[in-house]
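Presented below is the structure to which this report refers.
The values are calculated or read from the model by the stated rules, or taken from the named source; none is laboratory data. Note that the structure is predicted; figures quoted are calculated from it, not measured. Methodologically, a virtual Cβ is constructed for each residue, glycine included, from the backbone with ideal geometry; neighbour enumeration extends over all protein chains shown.
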């Protein structure tokens, strides 16, 4: 067996709200959209899947993704320009471990952290 990739699966309460949010981040839908309880999104070679969770308590959701990115400052500015709220404790900053990072909470409070290595300019 060879593992070709890993695809995270996160909870969502409302498929259309999730699609709108992640489309604003540059993702697009893949697969059949008629599945009411499942969603697959793609950006470049990355995929994120979502499963419907009707009883999800957003205040206890621990879903998290960490994205390694390039040109984080430009992306951060774009996020602010299009009106996506940055996590209250997640403003863009450089950390002692050498990553420049910021964080968002999606509509279901999945934590999305974006980071760029400051030690390696190629990210």
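For residue 83, the test of being exposed (fewer than 14 other Cβ atoms within 10 Å of the Cβ), over 16 Å from residue 26 (Cα atoms) and without any contact (Cβ under 8 Å) to a residue 24 or more places away in the chain is failed. Being over 30 Å from residue 119 (Cα atoms) and surrounded by 12 or more Cβ atoms within 10 Å (Cβ to Cβ) is true of residue 108. Among the numbered conditions (1) touching a helix residue (DSSP H, G or I) at 6+ places or on another chain (Cβ under 9 Å); (2) surrounded by fewer than 14 Cβ atoms within 10 Å (Cβ to Cβ), the only one that residue 69 does not meet is (2).
Within segment 53-87, the residues that satisfy the criterion of being within 15 Å of residue 13 (Cβ to Cβ) and in contact with a strand residue (DSSP E or B) (Cβ under 6 Å, 6 or more places away or on another chain) are 53, 56, 63.
From the list 75, 67, the one residue that fits, being modelled with pLDDT of 95 or more, within 15 Å of the chain's Cα centre (by Cα) and assigned to a helix (DSSP H, G or I), is 75. Taken over segment 94-114, residues that are part of a strand (DSSP E or B) and either modelled with pLDDT under 95 or within 15 Å of residue 69 (Cβ to Cβ) (or both) amount to 10.
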